Amino acid sequence: MDNIPKHYSPDNTEARWYQEWIGKGYFHSEPDDREPYSMVIPPPNVTGVLHMGHMLNNTIQDVLVRRARMQGYNACWLPGTDHASIATEAKVVNKLKEEGINKKDLSREDFLRHAWEWKEKHGGIILEQLKKLGASCDWERTRFTMDKELSDSVIHTFIDLYEKGKIYRGVRMVNWDPKALTALSDEEVVHREVQSKFYYVRYQVEGTDEYVTIATTRPETILGDTGICIHPEDERYKHLLDKKVIVPLVNRPVPFIVDEYVDREFGTGALKVTPAHDINDYNLGIRHNLPSIDIFNDNGTLSEAAGIFIGEDRFSARDKVTQALEENGHLVKVEEITNSIGYSERTDAVIEPKLSLQWFMKMDEMAKPALEVVMDDTIRFHPPKFKNIYKHWMENVRDWCISRQLWWGHQIPAYYLPDGNFVVAHNRDEALLMAREKYNKDLKDEDLRQDEDVVDTWFSSWLWPISVFDGINHPDNEEIRYYYPTNDLVTAPEILFFWVARMIMAGLEFRNEIPFKNVYLHGIVRDKQGRKMSKSLGNSPDPLGLIKNYGADGVRVGMLFSSPAGNDLLFEETLCEQGRNFCNKIWNAFRLTQSWEVNDNITQTGASASAVRWFDANLSQALETLNDHFSRFRIADALMTVYKLIWDDFCSWYLEMVKPAYQQPIDKATYQATIGFMNKLMRILHPFMPFISEEIYQRIRNEKDAESITIAPLPEAGNPDKSLTARFEFARQVIMAIRNMRQEKNLSPKTEIDLFVKKNNNQQPDTTFDDIVKKLSNIAHLDYVTEKPEGCISIIIESTELHIPLDQELNIEEEIKSLEEELKYQEGFLKSTEKKLSNEKFVNNAPEKVVAMEKKKQADALSRIDVIKRQLESLKS
């Protein structure tokens, strides 16, 4: 005991064992003859630092990969980071601004040099932080989405899809981020319900004194109006069909058009049409040949085309336009409303619908097979409720805008000629040859200009499970053939479409194979008020601070305890405290076993022999339950199974059963069985709590065991004697009932008592655990009787009567009152059970085991009621 600290210290344990694991290469994988288990980390942004969502996501992944490694698989958990075009470019631009440098004053090459310097300095922070959590990634395989192999994969993919006709360039209405100065895909827009205003504005009908009133939430866009749309059956406006109205403030005559798109009941039934700044107006403009006037600059200020308030920010212009409308008699009224506004997922700027020349990818053909493999469970979603959400999105998918007006990222491999024609090629040399051949021109290198834009960040990360094994550039290499498809993906539902759906499309498109077999979707980490944890709200604890206070094992347990699959989790720091307390409980149990003196010459007691048999069966049964939970990705339930097995069954029951009397030795057979159980328990625990399990394993392992618990095999369930564990449940109830009786009667646990057991309904005594009952209940004599002895207090367990003689006088009235209360409870319980069993729908549809359990409850209640009535009859006679 001298070399075993009294208290477990994560500070003295975690860094030491992590370095040992890294140094011995336990996390590294190379293709071999074993069956692989592979998983790719959802690459965090290179700008990122560890937050609570990362903690949850990577804890779950680590549990899965550590378990697979212990099951004998060749486990490969591949880490990496995402270049995050918008976020990283914003960070670099801000850094340069602090240094007095404007991005506009730099060449692309100079800006990228600053960006790479920033990445090298800050880009690896989050991966180093994950190591403190215990993440068992194969760090030798760390990838970055702009590594050469991965960048080449992106360019190759772009060219391949362009040549297949699946990537095209065109003018379309896009989601424009005026802060990041780039187009965004639909999935990068977050819609929120906000308080807005409905402005009613009157337009004068040209050449008359008549006015038409329209309603708009964006009066500043009036400056870009090119038409007024009405429903063909709207009688209010039919007389105006061949006329025009004058757009207020800019005095532009625009025509009336008719289209069934207009909702006659909404607003005034007359709709202003601004084709350059609304997707629906854009479609109306196309159908009716209306001109498009773009009144906004890229940064959200009014352009020359607006005619007035040029250079004003769009929201400032809204106020000034409203004031001008009012001053000129055009503003009829303003109403308060709630409407949905789109915001940039990255910069939180209000999105501006904008006509723009961009690159797009056709999605409809690729979406169909990607939908099929999820709906037929070739890829399984856990929980499956997300299949319907996925189905809805995939059936309504729109073409993906893949170009971004940024410099940090993968530059689009399109090369333009002076006349505007272009070719798509891997590099300038190839582009020059292609352009000469395609356009039959004598071109020079300086005649080519590469597209300034980069592809969307997700256009690189959708290839992640393939490109990390270089499966795009070298589709038949050993690693892609061995590790792909990966086994499991752990991620959050909010990137189901950003990432998961697109990876499935990419896998089927480029390898004709799914990228993973299971997708585990965990919830969002929220505070106890249900708010999403964020720095801005100040409700997110520092993950590294939690690890410092509670240890990595404690924090991992805290995260998992609050994490049911697919549901958001309400995180409280007390859960990490519970995890730390679990560590202490395990350590104290270990120290207790190490304090025992072993005597080879004494024989094993009956109580200890029964305890060993029971716990062995109980352990095997728990392993069966554990395997079932993992097969259904019930990670939190799996942890709770291990928690109860160790805290309740091993610490609270088994150790009490076999613990020798004070200053007495323990027999060798029981001691060896106990250490064997602890060895197995640590191996079962290891995926959840890797550090303390390794520390204890190293102190108890024998020379035949693996040199590290990380590579030790998981215990196997075997064939548990389930009847033994079921019979112990009865003995447990007896022990608990006697302990409760002692407390009620103020009888010290040290006082010996006698116990008389009366079986009923022709039941035969089961003496398997009698020695344990005697030891844990401090019973001097235990006998089975056919009649109730006099002067005893009675306890009923199922249909068995326990009679305990006491020196104190028996209070008959108190005993009758207690039995009548118990009778009332049991009759109520029986009634509820019989009601359930009389429900044909329940009996016919519930699982057979559930119905059988209800019938057992009914039989037990009937037996118990019969015994209580007979006891009452005896006491009242």
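Other residues lying with their Cβ under 11 Å from the Cβ of PRO789 contribute a combined charge of -3, Lys and Arg counting +1, Asp and Glu -1.
Which order do ILE696, ILE389 take when ranked by solvent-accessible area (1.4 Å probe, heavy atoms of all protein chains), largest first?
I get ILE389, ILE696, largest accessible area first.
With a Förster radius of 45 Å applied to the C-beta separation of GLU326 and ASN289, the computed FRET efficiency comes to 0.85.
Distance between the modelled labels on TRP647 and ASP600, one decimal in nanometres: 4.0 nm (7 Å Cα→Cβ projection).
Seen from GLY329, the other residues with C-beta closer than 15 Å to its C-beta sum to a net charge of -2, counting Lys and Arg as +1 and Asp and Glu as -1.
In segment 420-466 the Cα-Cα distances spread across 10 Å bins starting at 0 as 23, 41, 23, 13, 0 percent of all pairs.
The distance separating the Cα centre of segment 608-675 from that of segment 335-368 comes to 56 Å. Just so you know, the Rg over Rh for segment 758-877 is 1.05, from Cα atoms, with Rh as the Kirkwood radius.
Pairwise Cα separations in segment 51-187 fall into 5 Å bins from 0 onward with the following percentages, short to long: 2, 7, 12, 14, 15, 17, 14, 11, 6, 3, 1, 0. For segment 608-693, trypsin sites (Lys or Arg not before Pro) are listed when DSSP marks them as loop and at most 15 other Cβ atoms sit within 10 Å of their Cβ; the list is ARG632. The Cα atoms of segment 658-809 cover 62, 37, 28 Å along the three principal axes, with the biggest extent listed first. Each residue of segment 63-75 is assigned a 3J(HN,Hα), and the resulting list reads 4, 5, 6, 5, 5, 4, 4, 6, 7, x, 6, 7, 7 Hz, derived from the Karplus form 6.51 cos²θ - 1.76 cosθ + 1.60 (θ = phi - 60°), x at Gly and Pro.
Per residue, how much accessible surface does the chain expose to a 1.4 Å probe? Answer in Å², no decimals. Numbers along the way, then the final one.
Values: 40800 Å² over 877 residues.
For the chain, the solvent-accessible area averages 47 Å² per residue.
For GluC sites (Glu not before Pro), the sites in segment 678-769 that DSSP calls loop and that have at most 15 other Cβ atoms within 10 Å are GLU703, GLU707, GLU716, GLU752. Note the angle between two axes, namely the Cα long axis of helix 148-163 and the longest principal axis of the Cα atoms of the chain, as a number of degrees from 0 to 90, rounded to the nearest 10. The angle comes out near 60 degrees.
Taking amide H positions as modeled 1.01 Å from N, with prolines and chain starts lacking one, the residues under 5 Å from THR81 and 5 or more places away or on another chain are ARG143, PHE144, THR145.
Looking at the square roots a ≥ b ≥ c of the eigenvalues of the Cα gyration tensor of segment 442-518, which shape do they give, rounded for a/c under 1.5, prolate if a/b is larger than b/c, or oblate?
Working: a/c = 3.40, a/b = 1.65, b/c = 2.06.
Because a/c hits 1.5 or more and a/b fails to exceed b/c, segment 442-518 counts as oblate.
Among the trypsin sites (Lys or Arg not before Pro) in segment 141-206, those located in a DSSP loop and surrounded by at most 11 other Cβ atoms within 10 Å of their own Cβ are LYS164. In the complete set of protein chains, residue-level accessible area for ARG864 is approximately 40 Å², probe 1.4 angstrom.
Residues whose amide H falls under 5 Å from that of PHE422, counting only those 5 or more places apart or on a different chain, are LEU417, with hydrogens built in the peptide plane.
What the phi angles of segment 118-124 give under the Karplus curve with 6.51, -1.76 and 1.60, with θ = phi - 60°, is a coupling list of 5, 4, 5, 7, 10, x, x Hz, glycine and proline written as x. Across the chain, counting alpha-carbon atoms alone, Rg and Dmax equal 36.5, 120 Å.
Between helix 668-685 and the chain there is an angle of about 10 degrees, using the helix long axis and the longest principal axis of the Cα atoms. Ordered from largest to smallest accessible area (heavy atoms of protein chains, 1.4 Å probe), the residues THR800, THR603, THR767 come out as THR603, THR767, THR800. In the structure shown, the pairs LYS243/LYS272; LYS6/LYS132; LYS758/LYS831; LYS132/LYS704; LYS831/LYS855; LYS680/LYS774 are assessed against 19 Å; a Cα-Cα span above that value is assigned to LYS6/LYS132; LYS758/LYS831; LYS132/LYS704; LYS680/LYS774. The listed residues TYR825, TYR8, TYR261, once ranked by accessible area (1.4 Å probe) with the largest placed first, stand as TYR825, TYR261, TYR8. Look at the dipole of the chain built from charges on Cβ: of ALA431, ILE793, ASN175, the Cα furthest out on the positive end belongs to ILE793. Ligands, DNA and RNA left out, the 1.4 Å accessible surface of the chain is 47% carbon and sulfur atoms. Rounded to whole numbers, the Karplus 3J(HN,Hα) couplings from phi for segment 310-320 are 4, x, 6, 4, 4, 7, 5, 5, 4, 4, 6 Hz, using 6.51 cos²θ - 1.76 cosθ + 1.60 with θ = phi - 60°, and x at Gly and Pro. Taking the chain as the reference, fit the longest principal axis to its C-alpha atoms, fit the long axis of helix 364-375 to the helix C-alpha atoms, and give the angle between the two in degrees, 0 to 90, nearest 10. Relative to the chain, helix 364-375 is tipped by roughly 10 degrees.
The values are calculated or read from the model by the stated rules, or taken from the named source; none is laboratory data. Since the structure is predicted, the reported quantities are computational estimates derived from the model, not experimental observations. Here Cβ is always computed from backbone atoms with ideal geometry, including for glycine, and neighbour counts include all displayed protein chains. These area figures cover heavy atoms from the full protein model, side chains too; ligands, DNA and RNA do not enter into them. Shrake-Rupley method; radii C 1.70, N 1.55, O 1.52, S 1.80 Å.
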